[in-house]
1. Being touching a residue at least 40 places away in the same chain (Cβ under 8 Å) and not in a helix (DSSP H, G or I) is the filter here; which residues of segment 228-241 pass it?
2. Kindly list, by first and then second residue, each pair from a residue in segment 98-111 that is charged (D, E, K, R) to a residue that is assigned to a helix (DSSP H, G or I) and away from ligand 2 (no atom under 15 Å from the Cβ), limited to pairs with Cβ atoms under 8 Å and residues at least 6 apart or on different chains.
3. Can you work out which of the residues in segment 214-234 that are within 22 Å of the chain's Cα centre (by Cα) and farther than 20 Å from residue 124 by Cα is farthest from ligand 2 (Cβ to nearest atom)?
4. Would you call residue 292 touching a Phe, Trp or Tyr at 6+ places or on another chain (Cβ under 9 Å) and within 16 Å of ligand 1 (Cβ to nearest atom)?
5. Consider residue 112 against the criteria (1) crowded, with 21+ Cβ neighbours inside 10 Å; (2) within 16 Å of ligand 1 (Cβ to nearest atom): it satisfies all of them except one. Which criterion is unmet?
6. Looking at segment 287-305 only, could you name the residues that are more than 15 Å from the chain's Cα centre (by Cα), surrounded by fewer than 18 Cβ atoms within 10 Å (Cβ to Cβ) and outside any loop (DSSP other than H, G, I, E, B)?
7. Between residues in segment 50-62 that are modelled with pLDDT of 95 or more and near ligand 2 (Cβ under 9 Å from one of its atoms) and residues that are small (Gly, Ala, Ser) and not in a helix (DSSP H, G or I), which pairs lie under 7 Å by C-beta distance while being six or more apart or on different chains?
8. Which one is modelled with the lowest pLDDT among residues in segment 63-83 that are within 16 Å of ligand 1 (Cβ to nearest atom) and not aliphatic (A, V, I, L, M)?
Amino acid sequence: MTKQKKDFLNLLDYTGEEILELINEAIELEKNPIQNVLAGKTLAMIFEKSSTRTRVSFETGMYQLGGNALYLNSQDTQIGRGEPIEDTAKVLSGYVDGIMIRTFEHSKVEELAKHASIPVINGLTDFSHPCQALADLKTILDLKGKFKGLKTTYLGDGNNVAHSLMIGCAKVGMDFAIGCPKGYEPDSEVVEKAKAIGAETGATITVTNDPTIAVLNADIIYTDVWASMGQESEQKERELAFADFQVNSKLTAYAKEDYHFLHCLPAHREEEVTAEIIDGPHSAVFPQAHNRLHVQKALLKKLLA
Ligand code: CP
Ligand code: NVA
């Protein structure tokens, strides 16, 4: 009765080697995008939050691999009317070959994975965004050709994107610094885990409330929105709290001259980043978004084929 399935809920569950294998597979898939390895397979995609990139890249990715994807908006399914997640997991397990879910509580994704007999992929929770971090790592490798000896700096909210990026950097042995205002630091357990992983891989993990210390000598500068989905009512107070953490030319002057700017998108110009930076020569945000497609296809091929 052993369950022969692997989920993708967090980068913590994957070794550095597995992450590199996924990235290498993504590089191959980018060169050879149409492969009929998932013929007859279906991915159910449950969305309880908005999405452009995640939805389109998963849907297109399944199609390019010979399979099919179903978009399930929670409002239009029984999930939105309170059907237990356990029942949803058991029902979908008999119809489809994998489930991608974007939701609020991370525990919901774990619950779904526990009761599903098919692979479950985390397409973003309040806690983490591992598909994004995979794409971020591939983008950095595309730009720099290596991870070791580089410093990635994240400025802003210690949120889902920050958590996954921090773990991803630690796993591949890249130094990571996060600069955030007091009260908006990343989860301390995630930081401790990243530090422990970094001690093995040679990556340092720095958490600071000083944005200039965070950015000093950075190879990569990364930011995300100040108010994530579900935090819209905190927008005004967050704008005040995060003002010194805007990625602008004053701050990027502390980075290496050949730094690259990344953002998971969607972005708010003149809030977390100036237009000058995100639309300027250092920005790689669109290749980064396109890498979502390639890494998720690698993941689908690994988990569903
Ligand atoms: N970066 C990201 O996950 O984008 P979407 O919210 O558009 O899916
Ligand atoms: N931190 C953002 C990421 C969006 C892709 C959010 O959760 O809304």
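The values are calculated or read from the model by the stated rules, or taken from the named source; none is laboratory data. As the structure is a prediction and not an experimental result, all values here were calculated from the model. All Cβ positions, even for glycine, are placed from backbone atoms using ideal geometry, and neighbour counts span all protein chains on display.
1. Of segment 228-241, the ones touching a residue at least 40 places away in the same chain (Cβ under 8 Å) are 228-230, 238, 241.
Result: 228, 229, 230.
2. Listed by first residue and then by second, the contacts come to 108/85; 111/85; 111/86; 111/89.
3. Taking the candidates together, the pick is 219.
4. Yes: the conditions hold for residue 292.
5. Among (1) crowded, with 21+ Cβ neighbours inside 10 Å; (2) within 16 Å of ligand 1 (Cβ to nearest atom), residue 112 violates only (2).
6. 302
7. 54/123
8. Restricting attention to segment 63-83, the residues satisfying the condition of being within 16 Å of ligand 1 (Cβ to nearest atom) are 69, 71-74.
Narrowing the set further to residues that are not aliphatic (A, V, I, L, M) leaves 71, 73-74.
Values: 71: 97, 73: 92, 74: 84.
Checked segment 63-83; the qualifying residue modelled with the lowest pLDDT is 74.
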